[in-house]
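The values are calculated or read from the model by the stated rules, or taken from the named source; none is laboratory data. Just so it is clear, the structure is predicted and the values come from calculations on it, not from any experiment. Ideal geometry is used to build each Cβ from the backbone, glycine not excepted, and the neighbour counts take in all protein chains shown. What goes into the accessible areas is simple: the full protein's heavy atoms, side chains included, and nothing from ligands, DNA or RNA. Shrake-Rupley method; radii C 1.70, N 1.55, O 1.52, S 1.80 Å.
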Amino acid sequence: MMTRYTLIIAIALFTAVLVIITSPLTSYSISNYFIMQLNNNINEALSRCGVNPSTTFIVTRTITTTNTSIILDLSLSNNYDIRIIMRLANNQLPVNEVNITIISNNSAICYSTSIPISSASGTYNYVIQGTNYFIELLSYSGSTPIVTNGSSSLLTYGTTINSAIIIPTITGNVICNTGSPSIPIYIVYALGRPIIYVVQPSKPITSILCRYSQSLNSSYLLMALLIGAAAALIYEAALVIMRINRLKIT
């Protein structure tokens with residue numbers, strides 16, 4: 001028979017699951033200076049080349065990785081291309097320069113700009129991991145991260161993670177959870193689509209789970225089911241307590 005303690009446990013479960021489902025949604029932001037730099041420079045480059053955001057969209061994405069750089073090529077519907085080159089470095093944010101280039105439909109460079117990125121230096125290392133749908137660039141200290149690689153998800157843990165940069169290889173969304181709702185996930189956009197996610201906590205974290213999904217709604221389906229189960233448990237516990245109280249009164 002359920003007691004008042006069962007109700008308390010059910011409410012705690014409901015609250016915990018609610019935090020899990022809402023924290024990725026409420027933590028996405030573009031207030032970070034690095035992210036604002038990239039967003040502003042991408043928009044300026046497209047504007048200088050006369051690319052209309054209301055009629056142009058991303059058709060394909062190609063990512064090339066080397067030991068010292070990540071190259072993201074975006075093919076657009078107007079036959080233009082956006083090339084974003086990240087120069088890698090052993091910093092807290094593992095990038096020290098980003099180059100943005102717009103290539104016109106006749107393969108000529110329409111506009112190009114380089115953005116120097118400053119972040120704390122020290123005993124940092126970086127590593128690149130990948131799934132079928134996105135790659136993940138991690139800055140870490142100490143031992144190499146332990147990674148559980150799935151077809152659409154990456155779970156990284158067991159080390160000191162200073163920041164993470166996640167780049168989708170196809171159109172869709174990447175949802176990341178660090179276990180703390182206070183750690184924001186920043187987004188870089190191109191033509192209204194997320195192209196780069198950045199996790200940059202104020203203090204190092206020990207784990208991060210990222211998962212690809214075509215839509216945010218389907219990504220939270222399982223969490224919604226968990227919330228439904230928790231709510232049902234609360235309702236059942238409340239009914240039992242009401243019955244017990246009625247028996248005591250009679």
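For the reader, a short list of remarks on this structure follows.
- Residue 58 - accessible surface, heavy atoms, 1.4 Å probe, Å² rounded to 10: 20
- The amide H of residue 117, built 1.01 Å from its N in the peptide plane, has 97, 98 as neighbours under 5 Å, considering only residues 5 or more places off or on other chains.
- Relative contact order (percent, whole number), segment 27-214, Cα cutoff 8 Å, 6+ residue spacing: 19
- Gain on full stretching of the segment that runs from residue 189 to residue 157 - 0.36 nm per residue minus C-alpha separation: 8.8 nm
- FRET efficiency, residue 125 to residue 37 (Cβ-Cβ, R0 22 Å, nearest 0.05): 0.35
- Per-pair calculated FRET efficiency, R0 = 25 Å: residue 170 and residue 48 via Cβ, rounded to 0.05: 0.35
- Residues whose placed amide H lies under 5 Å from that of residue 169, excluding near-sequence neighbours: 134, 135
- What the phi angles of segment 106-113 give under the Karplus curve with 6.51, -1.76 and 1.60, with θ = phi - 60°, is a coupling list of 9, 6, 8, 6, 7, 7, 8, 8 Hz, glycine and proline written as x.
- Spin-label model, residue 99 to residue 75: label points 7 Å out along the Cα-to-beta-carbon direction sit 2.2 nm apart.
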